[in-house]
Each structure stands twice: as structure tokens, then as C-alpha cells.
1. In the list A441, A454, A407, A421, which residue meets the criterion of being of a type in the set (A, V, I, L, M, F, W, C) and open to solvent by 10 Å² or more (accessible area, probe 1.4 Å)?
2. For the list (1) crowded, with 19+ Cβ neighbours inside 10 Å; (2) touching a residue at least 24 places away in the same chain (Cβ under 8 Å); (3) not in a strand (DSSP E or B), I need the number of the one condition that V58 fails.
3. Of all residues being open to solvent by 40 Å² or more (accessible area, probe 1.4 Å) and modelled with pLDDT of 95 or more in segment 179-197, which is farthest from V489 (Cα to Cα)? Just the residue, please.
4. Looking at V270, V233, which is the one that is open to solvent by less than 40 Å² (accessible area, probe 1.4 Å) and at pLDDT 95 or above?
5. List every residue pair whose Cβ atoms sit under 7 Å apart, with the two residues 6 or more apart in sequence or on different chains, where the first one lies in segment 12-26 and is within 10 Å of V59 (Cα to Cα) and the second, anywhere, is polar (S, T, N, Q).
6. Return a yes/no flag: does segment 283-293 have any residue that is surrounded by fewer than 24 Cβ atoms within 10 Å (Cβ to Cβ), within 23 Å of G395 (Cβ to Cβ) and touching a strand residue (DSSP E or B) at 6+ places or on another chain (Cβ under 9 Å).
7. What about S246, is it out of contact with any helix residue (DSSP H, G or I) (no Cβ under 9 Å at 6 or more places or on another chain) and hydroxyl-bearing (S, T, Y)?
Amino acid sequence: MSTAPLTIRMHERDNVAIVANDGGLPAGTTLPSGVVLRDRVPQGHKVALADIGVEAAVVRYGVAIGHALKAIPAGSWVHERLLKMPDARGLDGLPIATVKPEPQPPLQGYTFEGYRNADGSVGTRNILAITQTVQCVAGVTEFAVQRIKAELLPHFPHVDDVVALAHGYGCGVAIDATDAVVPIRTLRNISLNPNFGNEVMVVSLGCEKLQPERLLPPGSYAIERNANEALDVICLQDDGHVGFMSMVDSMLRQAEVHLERLNARRRETVPASELVVGVQCGGSDAFSGVTANPAVGFCTDLLVRAGASVMFSEVTEVRDGIDQLTARATTPEVAAAMIRQMAWYDAYLTRGGVDRSANTTPGNKQGGLSNIVEKAMGSIVKSGSSPIANVLAPGEKLRAKGLTYAATPASDFICGTLQLAAGMNLHVFTTGRGTPYGLAAVPVIKVATRSELARRWHDLMDINAGSIADGTATIEEVGWELFRFMLDVASGRKKTWAEHWKLHNALVLFNPAPVT
């Protein structure tokens with residue numbers, strides 16, 4: 001990056017800009033606009049471009065991200081301690097389906113090599129997943145999985161992996177509470193993810209509240225070879241199990257049956273419309289809304305034009321831009337569904353005695369994000385400019401093409417888990433501070449917001465969007481780079497760094513119901 005002072009202003013109405021130089025800029029630096037820095041301003045942090053009076057709006061992305069607690073002279077470092085966060089936008093009187101963009105031409109001729117499933121879905125990987133009804137069986141299942149990988153998997157070269165779907169749910173919970181439907185359907189739909197090839201294998205303890213037939217009732221999964229085939233369940237408390245190793249041996253015997261069927265599958269050419277992509281950001285900084293997220297947003301529009309399914313999520317990280325989202329809804333019904341999800345989450349936070357200000361982390365603030373309003377403006381751009389055609393409640397399965405708002409908490413792990421349940425077969429994750437986040441069930445493509453991060457974490461970041469801030473690439477160029485990389489990863493021609501290192505986080509089920 002050039003040593004000349006470089007700042008980025010997002011909108012003509014903005015009275016602040018962020019410093020783009022590596023290491024920031026020292027006090028006394030003269031910006032191209034003629035403003036002289038009164039303070040040292042770290043990289044990614046805001047500088048006042050004009051005098052800002054007390055209680056006046058501090059504007060970034062063309063919106064007020066806060067109000068000055070005291071007068072802020074031009075050239076000052078503008079950080080969270082100088083700002084009062086504005087109240088959240090009310091959910092009444094929002095613009096409803098008012099944005100009607102010109103239809104974009106279909107993006108035709110793009111394909112990838114995927115695994116076609118009996119239920120019509122397509123996987124990007126060929127994985128044996130072992131579902132668990134309760135946390136109690138996790139240790140035994142993990143022991144068995146390690147033996148399966150060591151003793152069986154080498155004999156099935158067309159199977160990519162074996163994963164245990166471990167979680168903390170299943171017992172000690174109010175299983176009949178109204179909101180218990182959320183974790184139950186989440187786990188059910190994860191078990192049916194396209195990357196698992198319609199092979200369903202379940203490990204149960206026996207005495208848990210979440211019994212196998214409640215988790216996966218008849219008719220909830222499709223088996224083309226025999227519609228009447230019973231659910232494959234290994235119950236550890238069955239009388240036939242004498243000792244630990246007999247439990248493990250049972251799992252190996254059943255796993256071999258599923259591995260045989262998965263190994264017979266082959267990739268076939270399918271249209272890009274079979275991609276189901278979840279986009280998310282984590283460890284965000286002030287560059288997230290400048291480089292990586294806009295590039296992902298451009299790629300989102302490409303995917304929609306190709307007929308694919310794309311989900312964006314994270315309620316608290318879009319809540320302050322709800323007016324932007326409802327305006328982009330294709331119908332009043334879609335807008336109303338988004339408002340319901342926001343209202344539910346507002347009430348959820350109120351019950352917990354917290355508000356949306358709790359979202360921003362110390363790392364977000366070190367990266368230049370003063371509060372959740374600023375963070376939300378940068379987060380929303382991952383969704384691109386396409387109309388929002390669908391809304392999913394937490395744990396539901398996606399059954400539509402186009403752009404979907406999938407309501408989830410902002411936690412990386414819960415959001416990823418819920419997008420996995422929705423049927424995601426490829427994940428895109430942007431980061432500015434850096435995180436080794438990964439999922440065992442789907443490839444996770446990491447997009448760095450800054451070139452310094454991409455250089456330092458060269459074997460963890462897949463795409464460097466920092467080139468946009470450097471001036472060596474455009475948003476469109478990085479968006480196309482990501483799109484082509486996604487097709488290669490989906491086809492198995494390339495692996496992400498997270499796959500290379502076998503990095504993955506545990507699944508975290510969102511459970512708004514009481515624990516007993």
C-alpha cells in the first residue's frame with residue numbers, strides 16, 4: 001500500500017472517513033482534502049472531515065451512526081467513546097417493497113461438478129454424517145468416528161469424510177416448550193443436509209427426551225431405494241451392548257453399510273443454480289463494509305442471476321438497516337416476515353436484559369467499528385442489490401431460489417449451524433480481524449478484508465479483498481474471483497484452507513426454550 005495518506009469515504013454525505021494506511025496515520029498528517037490530523041488515527045478508524053458540533057450526527061454510509069457527546073474538531077480521531085448510539089429504527093411505518101430494480105439478465109452457462117441426491121438436492125461434498133440425539137453419546141460417537149476414519153474410510157475413496165453431528169441438546173431441556181421446535185428442527189434439517197447424500201445414521205442413548213422418532217419422524221427424510229426402510233438407529237442402552245467396545249463395533253458395522261452406498265456416488269455436471277450459499281461475517285472491522293462485504297454482495301447478485309440460492313443472516317447485524325431490507329422485499333408478505341423476525345428478536349433480547357449494543361466486540365472496536373449501527377451498515381452489503389424473495393425462521397429448511405433472509409443470531413457458530421440446517425452446501429465467511437472458523441459439513445471460503453491480514457494469515461485466507469482498498473482491484477473483479485473460486489471449490493477441484501487444515505467449529509443449536 002502507498003505511504004501517501006489514504007482515506008476512504010463511503011458516501012457524499014459522510015462527515016467522517018476511515019484511514020486505510022497500514023499502521024494508521026500520525027498526528028500532523030495532511031490529508032488530500034487539506035484536513036490536518038489532530039490525533040494519531042489507527043488503520044480502519046474514523047477521522048472527522050469537518051467540525052462536528054456537540055449532539056450533531058456523525059455520518060458514515062450516508063446514515064447517522066451516532067451523535068457527538070462533545071464537539072469534535074476536523075482532523076480528530078472519532079471513536080466509540082465520543083459517540084452516543086442512536087435508538088433502533090422502529091418497526092412501524094417502514095418502506096414496504098418500494099425498491100423495484102431493473103431485472104438483470106440471467107447468468108447462463110456456469111456449472112459445477114456436484115453429487116445429485118435422491119431428494120433432488122445437490123451436494124458439494126460426499127460425507128457420512130452421524131446424527132446424535134443427545135450430548136451424552138458424544139464421547140462414544142467420537143471414539144467410533146476416529147476408528148471409522150482409520151479403519152474403514154481408506155477403503156471408500158469416493159467418500160470425503162465422516163463427521164459426528166455433536167451438540168449440547170437432547171435432554172435436561174423443556175422438550176415440549178413452544179420454542180423447542182427451533183433446536184429440534186435445526187438438528188433434523190442438519191441431518192438432511194445435501195452434503196450427506198440422504199444417508200441418515202443416528203446414535204441414541206435411549207433414555208433422552210429427544211427420542212429418535214421425534215427427531216426424525218417417518219416421512220421427514222427420503223430414501224429412494226426403499227420408502228419403508230426404518231430409520232437406522234444405534235441405541236447405546238440396548239441390552240445387546242455388553243461393554244464399551246460392543247457399542248463402537250455396532251457403529252462401525254452400520255457405518256460400513258452407509259459408506260458402501262456413498263462410495264458408489266459420482267460427481268456429475270450440474271448448473272450453478274444448484275448452489276445453496278450462506279454468507280456471513282465474523283471478526284469484522286471497518287474495512288468489512290468497504291472491501292470484503294461489497295465483493296461478496298456483488299457475487300451474491302451473480303449467484304442470484306445464475307438461479308442459485310443465497311442466504312444472508314445475523315439479526316442484530318442487520319436490525320439497524322431494517323428499512324433498507326423491507327424496501328427491497330419482493331412483496332409485502334416478505335417484508336412482514338422480516339419485521340416479525342426482528343420483533344421476535346427484539347423481545348428475546350429484552351427478556352435477556354440486554355440490547356443490541358452488546359453485539360460489538362472489543363475486536364470490532366479495535367478494528368474501527370464504533371457501534372452496532374456502523375457494523376450493521378457494513379454487514380448488509382453482503383446481500384448485494386437483488387430483491388429479497390424469501391424469509392426463513394431459525395432452523396427451517398430453504399426451499400426457494402433467489403435471495404433469502406435467514407434469521408439467525410449473530411454468533412458465528414449459531415449462524416453457521418442454522419444456515420447448515422437450511423441446506424447450505426457452500427459457505428462464504430468474511431473477516432477483518434481474522435478467525436480460523438470452519439465447518440466440517442461444508443467448505444468455508446474465507447475472505448480477508450485487508451491485505452495485511454491476507455499476507456499474515458496467508459494459509460488461512462482464501463480470497464484477499466484488501467486489494468480493493470489498495471487500489472489494485474475493483475469490487476467487481478474480486479466478486480468475479482470469488483464466484484469462479486466457489487465453482488472450483490463446489491466441484492472439488494480446489495479445497496479451502498479450512499478444509500486443508502481440517503479446521504471446524506462445533507455445532508451450536510439455538511435454543512430459546514427454557515432449560516430444566
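1. On the way: A441 fails: open to solvent by 10 Å² or more (accessible area, probe 1.4 Å); A407 fails: open to solvent by 10 Å² or more (accessible area, probe 1.4 Å); A421 fails: open to solvent by 10 Å² or more (accessible area, probe 1.4 Å).
Exactly one of A441, A454, A407, A421 is of a type in the set (A, V, I, L, M, F, W, C) and open to solvent by 10 Å² or more (accessible area, probe 1.4 Å), namely A454.
2. Unmet for V58, out of (1) crowded, with 19+ Cβ neighbours inside 10 Å; (2) touching a residue at least 24 places away in the same chain (Cβ under 8 Å); (3) not in a strand (DSSP E or B): (3).
3. Taking segment 179-197 and keeping what is open to solvent by 40 Å² or more (accessible area, probe 1.4 Å), we get 179, 181, 185, 188.
In the following step, the residues that additionally are modelled with pLDDT of 95 or more were identified as 181, 185, 188.
Working: V181: 33, R185: 28, R188: 26 Å.
By that ranking, first place goes to V181.
4. Matching residue, one of V270, V233: V270.
5. Close Cβ pairs satisfying both conditions: A17/T7.
6. First, the residues of segment 283-293 that are surrounded by fewer than 24 Cβ atoms within 10 Å (Cβ to Cβ): 283.
Remaining after also requiring within 23 Å of G395 (Cβ to Cβ): none.
No, there is no match, as no residue in segment 283-293 is surrounded by fewer than 24 Cβ atoms within 10 Å (Cβ to Cβ), within 23 Å of G395 (Cβ to Cβ) and touching a strand residue (DSSP E or B) at 6+ places or on another chain (Cβ under 9 Å).
7. Values: out of contact with any helix residue (DSSP H, G or I) (no Cβ under 9 Å at 6 or more places or on another chain): yes; hydroxyl-bearing (S, T, Y): yes.
Criteria met by S246.
To keep it simple, each residue is scored yes or no on (1) assigned to a loop (DSSP other than H, G, I, E, B); (2) in contact (Cβ under 8 Å) with a residue 60 or more places away in the chain.
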{"residue": "G416", "(1), (2)": "no, yes"}
{"residue": "L420", "(1), (2)": "no, yes"}
{"residue": "L460", "(1), (2)": "yes, no"}
{"residue": "G479", "(1), (2)": "no, yes"}
{"residue": "N505", "(1), (2)": "yes, yes"}
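The values are calculated or read from the model by the stated rules, or taken from the named source; none is laboratory data. Worth saying up front: this structure is predicted, and the values here are computed from it rather than measured. Methodologically, a virtual Cβ is constructed for each residue, glycine included, from the backbone with ideal geometry; neighbour enumeration extends over all protein chains shown. Heavy atoms of the whole protein, side chains included, go into the accessibility calculation; ligands, DNA and RNA do not. Shrake-Rupley method; radii C 1.70, N 1.55, O 1.52, S 1.80 Å.
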